[in-house]
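What follows is one structure encoded as structure tokens, with my remarks underneath.
The values are calculated or read from the model by the stated rules, or taken from the named source; none is laboratory data. Everything quoted here is computed from the prediction, not taken from an experiment. Note that each Cβ is placed from the backbone with ideal geometry, even for glycine, and that neighbours are counted across all protein chains shown.
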Amino acid sequence: MTRTAGQGCEVEAWRATLLRLLERLEACAAELGRGRARQRSLVESDDGQGLLDALAHRQALLDDMARAADELAPLRDRFFASPGENPAPIRARLEAVAATAAEIAREDARDQSRLRERRDDAARRLVEVERGRGALAAYARHGSGASPDFQDREA
């Protein structure tokens with residue numbers, strides 16, 4: 001089967017679009033990968049505002065990746081179904097993006113676990129502070145004399 005000039009231009013157009021979208025996915029994945037060390041550092045240093053800023057930037061990248069993946073899906077399917085195309089290089093690039101995304105997801109799970117631990121630790125410390133305040137209030141209710149009404153003593 002031979003292609004007409006119009007069909008050849010159409011094939012070249014969607015192939016160029018596929019490659020452009022794939023490059024966009026790769027660029028987003030690479031930038032997400034580069035931002036991982038910074039995110040990890042922000043989690044460890046308890047820099048809440050810095051972490052929120054990094055996560056906002058990261059979300060914009062993830063949104064861009066999602067849009068590119070949605071646009072890419074029908075072109076990818078068309079490319080893989082086209083006779084005469086060599087899908088191996090495109091497949092390898094897609095797999096590399098998927099591997100980067102999987103690694104980022106694993107690291108995110110570790111960061112989330114670390115943040116949950118810190119949140120739980122902060123909650124425990126707040127409970128301890130409230131208990132201390134309660135004890136002080138109990139002593140204060142019984143007068144402000146030199147000696148407290150209640151004392152911790154062994155019999």
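Quick check: anything in region 136-146 closer than 26 Å to VAL43 by Cα and either at pLDDT 85 or above or part of a helix (DSSP H, G or I) (or both)? No: region 136-146 contains no residue that is closer than 26 Å to VAL43 by Cα and either at pLDDT 85 or above or part of a helix (DSSP H, G or I) (or both). Screening PRO83 with (1) farther than 19 Å from ALA105 by Cα; (2) surrounded by 12 or more Cβ atoms within 10 Å (Cβ to Cβ) gives one miss only, at (2). Taken together, ALA69, ALA56, ALA99, ALA88 contain a single residue that is surrounded by fewer than 12 Cβ atoms within 10 Å (Cβ to Cβ) and over 27 Å from SER113 (Cα atoms), which is ALA88. Only a single item in (1) over 30 Å from ALA16 (Cα atoms); (2) in a helix (DSSP H, G or I) is not met by ALA105, and it is number (1). Looking only at residues in region 65-99 that are part of a helix (DSSP H, G or I) and among the acidic types (Asp, Glu), the one that is nearest to LEU18 (Cα to Cα) is GLU71. Residues that are farther than 30 Å from ASP121 by Cα, part of a helix (DSSP H, G or I) and among the aliphatic types (A, V, I, L, M) occur at least once in region 29-50.
Mind checking whether some residue in region 100-114 is over 13 Å from the mean Cα position of the chain (by Cα) and either modelled with pLDDT of 90 or more or under 26 Å from VAL11 (Cβ atoms) (or both)?
no
Being surrounded by fewer than 14 Cβ atoms within 10 Å (Cβ to Cβ) and free of Cβ contacts under 8 Å to residues at least 24 places away in the same chain is the filter; apply it to region 29-46 and report the residue that is nearest to ALA99 (Cα to Cα). The qualifying residue nearest to ALA99 (Cα to Cα) is ARG34.
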